[in-house]
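Rule-based calculations on the coordinates, nothing more; no lab input. Nothing here was measured: the structure is a model prediction, and the numbers come from that model. For neighbour counting, all protein chains shown are included, and Cβ atoms are generated from backbone atoms with ideal geometry for every residue, glycine included.
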């Protein structure tokens, strides 16, 4: 379990560390807000349309979040389509040049939540950068659940919150990466997703939006008991 970051280190200490080490650690220019909540009980309720930094106590580089046990926020969007009776989920294959999870499959639209942008504006930005989708193509977008999770990555415990969304792809949507972080897009029938889980080629936190999609759509291969257990695991009320 992570101890509360605020109980162990002061805000000024964090900011001083960031200032001294930014050039040494090659930190990106993406900054994330830190809210006055314990890392064990992060803030979960936000407006989709207001700037995400409202109510923050300070900003910190995204790369420092896990180092100090601070929760990282992100927006993930499943892109899916229907072909006959088959539901397809569309994944982006991450570039081999990325430092984290190169060549792994990722949700077609996903990215960290920075300061100043609203959640919806960030989603629109990521949709264009990662999948080449302009905002007018997002009219079939549906909001899912907000899910908090923890997982281990290279002996570091990652605490994260995902704002889940789901976008139905119509025949006029062509997925095309713009920012160079996706090598190609791959479509899989929803019944075959277990194959990429067995091969461990899906970026770990990307299973959360897929499970959220299954729960919201009450897929017939999930029993009521399974849905209850999934909701419990994902802390969905």
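Taking 0.36 nm per residue of separation and subtracting the Cα-Cα distance, full extension of the segment from residue 125 to residue 233 would add 35.9 nm. Computed from Cα atoms, the angle from the helix 224-233 axis to the main principal axis of the chain rounds to 20 degrees.
Rounding to the nearest 10 and keeping the result within 0 to 90°, find how far the Cα-based axis of helix 207-217 lies from the longest principal axis of the chain. Computed tilt is about 50 degrees.
Given the Cα-Cα distance of residue 101 and residue 41 and 0.36 nm per residue of separation, how much length would full extension add, in nm? Mind showing how you got there, number by number?
Values: separation 60, 0.36 × 60 = 21.60 nm, distance 2.72 nm.
Working it through step by step, the gained length comes to 18.9 nm.
How many nm separate the modelled label positions at residue 151 and residue 48, each set 7 Å beyond the Cα in the direction of the Cβ? The answer from the label model is 2.5 nm.
Each of 89, 210 has some number of other Cβ atoms within 10 Å of its Cβ, and from fewest to most they run 210, 89. Where the centroid of each part is defined by its Cα atoms, how far is region 82-160 from region 50-80 in Å? Computed from Cα coordinates, the inter-centre distance equals 14 Å.
Estimate the FRET efficiency between residue 186 and residue 143 by the formula 1/(1 + (r/R0)^6), using the beta-carbon distance for r and 22 Å for R0, to the nearest 0.05. Could you put the intermediate results ahead of the total?
Working: r = 25 Å, r/R0 = 1.13.
That gives a FRET efficiency of 0.30.
For the chain, what does the relative contact order come out to in percent, with C-alpha contacts under 8 Å and a separation of six or more?
21 percent
Each DSSP beta bridge with both residues in the chain is either parallel or antiparallel, and the antiparallel ones are about 80%.
Note on residue 223 and residue 86: the extension gain reaches 47.4 nm, defined as 0.36 nm multiplied by sequence separation minus the Cα-Cα distance.
Taking the C-alpha atoms only, the angle from helix 11-21 to the longest principal axis of the chain is near 80 degrees.
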